[in-house]
Amino acid sequence: MKKVGIPRGLFYYYHYPLWKTFFKYVGAEVVASSATNRVTVDKGIELAVDEICLPMKVYLGHVEELCHKNVDYIFIPRVVSIESKSYICPKFMGVPDMVKASVPDLPPVIEPIIDLSKNSKLIEREIIRTGRLFTRSIKAVWEAYRYACQELHICKALAQEGYTMEEAIRIWEGEHISMSRNGRLNIGVLGHGYSLYDETLSMGIISRLRAMGCRIHLPESLEEKSVEYEASTMPKRIFWTLGRKMVGSALHMSKRDDIDGIIYVACFGCGPDSLVGEIIERKVKNKPFMLITIDEHTGEGGLVTRLEAFCDMLVRRQLLGDEGLRLAQGDKRRLKSGCVFRT
Ligand code: SF4
């Protein structure tokens, strides 16, 4: 049986169940790279050009790992658009080329073009082209794709319950994960899934907040209609799918009484984040908001201090009401030079 390697980065967190199921049903075995660790990051940094964003660097580290796992192919889709009239960050279009130019001794790459911006014709052609690498039967390819879509829906349903996409994938693969649904503080945490749900890249922001007694609300757990509605209130449509989802989620969370504060996790070197983070910061006026920018040099100590300070401020607001708000504004003055930290 042919082996297909799938790097554990970028759209892995959104689409892995779909592609794993698809390859299984067309008769291939899927091998995923291991969870990101320091070696993955260092290898990615070594291979990548300096200017690229951190998730792209890490992706190269995952591809490099798969090159040593005896795979027959590496699956690196060229993602252009995953919905009508919207696009994914342009860096995704060039991922297969970037990988080929940076990673030595690469096995053959399967690089379907994922472009749903205009109609579904192109994706249909690409699905068939990909499936026929493993089976001659077009019927079998379509069956595989149908099962794959079903499995992806199962994962999305788990994410709606409050699990991160990474946890949803692990549950889908049979792991048992328990998650507390209680917490003194309710915090909305936003960011691109491939940075937020990667424990190493995000330095475990979500698990750290949970350990501090917070209940976390993620974009995938919100009702899609409400998120889209809020995003549509922007004067100009945001044409990046993930950026629009972040803005819509932030606006939706800012209107919910049960959410105490919002954190946006941005990546250093990310063009869309520099704009989306700014939009959210300006629009979310009635709730404490913190922007955390991560890069390969971000230290855990500084991150923990900021998370603790943010949570302390939210608790004070809960305890002291208006007085707490006044104290929190004092915090703003104190922390002004360090981060965006607003009440
Ligand atoms: S959106 Fe930002 S983090 Fe994501 S791939 Fe593009 S530049 Fe990198």
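The values are calculated or read from the model by the stated rules, or taken from the named source; none is laboratory data. Remember, it's a predicted structure, so these values are computed and weren't measured experimentally. FYI the Cβ positions are ideal-geometry reconstructions off the backbone, even for glycines, and counts take in every protein chain you see. Please note that ligands, DNA and RNA were not included when accessible areas were found on the heavy atoms of the full protein model with its side chains. Shrake-Rupley method; radii C 1.70, N 1.55, O 1.52, S 1.80 Å.
Suppose we filter Asp273, Asp260 for residues that are charged (D, E, K, R) and modelled with pLDDT under 90; which single one remains?
Asp273
Conditions first: (1) aromatic (Phe, Trp, Tyr); (2) more than 23 Å from Ala32 (Cβ to Cβ); (3) not assigned by TED's automatic domain parsing to the domain that holds Glu281. Tyr147 passes all but one, so which condition is the exception?
Result: Tyr147 passes all but (2).
Pick out, from segment 185-303, the helices (runs of 4 or more DSSP H) lying fully within it that include 1 or more residues that are in contact with a helix residue (DSSP H, G or I) (Cβ under 6 Å, 6 or more places away or on another chain), over 26 Å from Gln318 (Cβ atoms) and open to solvent by less than 20 Å² (accessible area, probe 1.4 Å).
Those helices (runs of 4 or more DSSP H) span 193-196, 224-232, 241-254, 271-283.
Looking only at segment 93-104, decide whether some residue is more than 30 Å from Glu228 (Cβ to Cβ), buried (at least 17 other Cβ atoms within 10 Å of the Cβ) and away from the ligand (no atom under 16 Å from the Cβ).
yes
Filtering segment 236-257 down to residues that are within 16 Å of the ligand (Cβ to nearest atom) and basic (Lys, Arg), which residue is farthest from the chain's Cα centre (by Cα)?
Residue satisfying both the conditions and the ranking: Arg244.
Of the residues Ile187, Ile169, Ile238, which is more than 16 Å from Arg256 (Cα to Cα) and modelled with pLDDT of 90 or more? Break it down stepwise before answering.
Working: Ile187 fails: more than 16 Å from Arg256 (Cα to Cα); Ile238 fails: modelled with pLDDT of 90 or more.
Being more than 16 Å from Arg256 (Cα to Cα) and modelled with pLDDT of 90 or more holds for just one of Ile187, Ile169, Ile238, which is Ile169.
Quick one: which residue in Ala157, Ala168 is more than 16 Å from the ligand (Cβ to nearest atom), open to solvent by less than 10 Å² (accessible area, probe 1.4 Å) and within 22 Å of Tyr14 (Cα to Cα)?
None of the other options fit; the residue is Ala168.
Here is a check on your reading of the model: is Pro107 in contact with a strand residue (DSSP E or B) (Cβ under 6 Å, 6 or more places away or on another chain) and surrounded by 13 or more Cβ atoms within 10 Å (Cβ to Cβ)? Full working, then the answer.
On the way: in contact with a strand residue (DSSP E or B) (Cβ under 6 Å, 6 or more places away or on another chain): yes; surrounded by 13 or more Cβ atoms within 10 Å (Cβ to Cβ): yes.
In short, yes.
If you go through segment 265-310 one residue at a time, how many are more than 16 Å from the ligand (Cβ to nearest atom) and hydrophobic (A, V, I, L, M, F, W, C)?
Residues flagged as more than 16 Å from the ligand (Cβ to nearest atom) and hydrophobic (A, V, I, L, M, F, W, C) within segment 265-310 amount to 8.
Could you look through segment 171-184, keep only residues that are polar (S, T, N, Q) and over 21 Å from Leu152 (Cα atoms), and pick out the one that is most open to solvent (accessible area, probe 1.4 Å)?
Asn182
Of everything in segment 13-72 that's within 16 Å of the ligand (Cβ to nearest atom) and not in a helix (DSSP H, G or I), which residue is most open to solvent (accessible area, probe 1.4 Å)?
Glu51
List the residue pairs whose Cβ atoms are under 8 Å apart, where the first residue sits in segment 103-132 and is assigned by TED's automatic domain parsing to the domain that holds Pro90 and in contact (Cβ under 8 Å) with a residue 60 or more places away in the chain, the second is open to solvent by less than 20 Å² (accessible area, probe 1.4 Å) and hydroxyl-bearing (Ser, Thr, Tyr), and the two are 6 or more positions apart or on different chains.
Ile110/Thr130
Restricting to segment 115-142, name every residue that is over 28 Å from the mean Cα position of the chain (by Cα), open to solvent by 60 Å² or more (accessible area, probe 1.4 Å) and not hydrophobic (A, V, I, L, M, F, W, C).
Arg132, Arg136, Lys139
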